[in-house]
Structures are given as structure tokens and as C-alpha cells.
Amino acid sequence: MAKKVRALVVSFSRSGGTKKVADLVATALGADKVEEITEMQHRAGPLGYLRSAWEALVGIAPNINSPSHDPSEFDVVILATPVWMARMASPMRTYLLKMESKFPRVAFVVTEGGSGGHRVLLQMRDLIRKMPLAEMVLTEDELKQAGHLQKVKAFCDRVVTQYEKETAPLALSIKKTMP
Ligand SMILES: Cc1cc2nc3c(=O)[nH]c(=O)nc-3n(C[C@H](O)[C@H](O)[C@H](O)COP(=O)(O)O)c2cc1C
């Protein structure tokens, strides 16, 4: 019987869209823990938008509140971020830099207005130097339509299948060596 994948779903969301997707992924995967990246200062309104755009453009890593969970205690960590100026949201950048050496296997979720999502996937790979088990980009429009539920399910199936594929050889070789 396949071993249950211990999953942590980590998300940052300014206006709730990425949080909604992260919750769907957590439910579909039966995730053990969810972690919402939070900050001391808010980002609402036009000034919050401008500051967010600026931080993303120049690659600033703002202060975030201390995360509650240690990614190294899980088999898989799902990282979910919105796109800001064709870059990852700056609080997610801070989280990745803070936890860089602690990630087991990862998978990426990106939400966007309509462009830049795939570029953000490459940035996340580069920043933590890991190939993800699976990746998903969802647009605001897709989030408004029911169709995104299938995309979320397909993404979660890919996470589990790829995890089993990557860990199967180890399990088998251990089995072979056991008396
Ligand atoms: C500062 C800022 C910059 C953005 N830049 C882009 C962009 O470059 N490309 C894009 O498709 N959407 C862009 N968006 C739209 C968001 O990526 C999109 O609305 C996302 O779903 C928001 O997620 P959230 O509701 O979890 O905050 C931007 C949004 C903000 C606030």
C-alpha cells in the first residue's frame, strides 16, 4: 500500500485568490499542515499595490512573521504565490530565502491575472534549486470558473504520482536488502 505523503501547503495571498487555491490543494491532497505567510504590515489599497509592485520589481525580501512549520518535517511542500510584475510575490521570496535549505520535494502553484506565471515557476526553481514534482498556473478567470477544480485535482494527482515514482526505487531497494 502506498505510503501517505506528508504534505505542507504554504501560501501567500494579498487578495484571497491564491489562498483559495491553496486550501483546495490542501483538501485534495489531505495535507497535514497549511502555512499562510503573513506580515506585520498590510498591502491593501493603491499604496499597498504600489509597494508590492516595487518590491517585486527590485527583488526586495520584506520581513514576514515567523513561519509555524518546519518544511524539513514533511515529504512534500506545496508553494503557492501570486504573480507580481511577472515575478513571485515578495513575501514568498522571503520565505524561500529563509527556508532554502529545508525543502524536501516541492511543487509550485502560481496565480496570475493573465501573464508572467511561467516565468515565476522558473524563478522559484532557480531560487531553491529544485525541480518540482508538479507545477500549476491558474488565471483569475479560471479561478472564477468551475473548471479550475479539475486543474487542481490533476495537479494533486501529478504530485502524488511523481512522488511515488521518485521514492519507489528506494523503497524497492530497501525491500530487496531486507532478510
Ligand atoms: C502588485 C501586483 C502586481 C501584479 N502583477 C501581475 C503581472 O505581472 N501579471 C499578471 O498576470 N498578474 C499580475 N497581478 C495580478 C495577480 O497576480 C492576480 O490577481 C493574483 O491572482 C492575485 O492573487 P491573490 O488574490 O492571492 O493576492 C498583479 C497583482 C498585484 C497586486
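At 222 nm, what value in deg cm²/dmol follows for the chain if DSSP H runs of at least 4 each add -39500 (n - 2.57) and the sum is divided by all its residues, to the nearest 500? Working shown, then result.
On the way: 6 runs with 84 residues, N = 179.
That calculation yields -15000 deg cm²/dmol at 222 nm.
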| note | Counting only protein heavy atoms and rolling a 1.4 Å probe, one gets per residue an accessible area for the chain in Å² of 54
| field | Scattering profile of region 10-151 at q = 0.16, 0.18 Å⁻¹ [log10 I(q)/I(0), Debye over alpha-carbon scatterers] | value | -0.80, -1.04
| Computed FRET value (nearest 0.05) for R129 with R158, which takes r as the C-beta separation and R₀ as 30 Å | 0.90
| Average silhouette area of region 60-128, convex hull of alpha-carbon atoms, in square nanometres | 4.5
| request: Using amide H atoms built 1.01 Å from N in the peptide plane, name the residues 5+ places from L138, or on other chains, whose amide H lies under 5 Å from its own. | output: V110, T111, E112
| request: Measure off 7 Å from each Cα along the Cα-to-Cβ vector at N63 and E100, then give the distance between these two points in nanometres to one decimal. | output: 2.2
| query | Helix 17-29 versus the longest principal axis of the chain: what angle, 0 to 90°, nearest 10, using Cα atoms? | reply | 10
| Among the DSSP beta bridges whose two residues both lie in the chain, what percent are antiparallel, rounded to the nearest 5? | 10
| field | Over region 95-172, volume per residue of the alpha carbon convex hull, in Å³ | value | 91
| With all protein chains present, how much of the accessible area of region 7-177 (probe radius 1.4 Å) comes from carbon and sulfur, to the nearest whole percent? | 56
| field | Whole-Hz ³J(HN,Hα) from phi, Karplus 6.51 cos²θ - 1.76 cosθ + 1.60, for region 72-89, glycine and proline x | value | 5, 8, 10, 7, 9, 10, 8, 10, 10, 9, x, 8, 10, 6, 6, 9, 5, 4
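The values are calculated or read from the model by the stated rules, or taken from the named source; none is laboratory data. Bear in mind that the values here come from a model prediction, so they are computed numbers and not experimental data. Here Cβ is always computed from backbone atoms with ideal geometry, including for glycine, and neighbour counts include all displayed protein chains. For the accessible areas, the whole protein counts, side chains as well, though only heavy atoms, and no ligand, DNA or RNA atoms are used. Shrake-Rupley method; radii C 1.70, N 1.55, O 1.52, S 1.80 Å.
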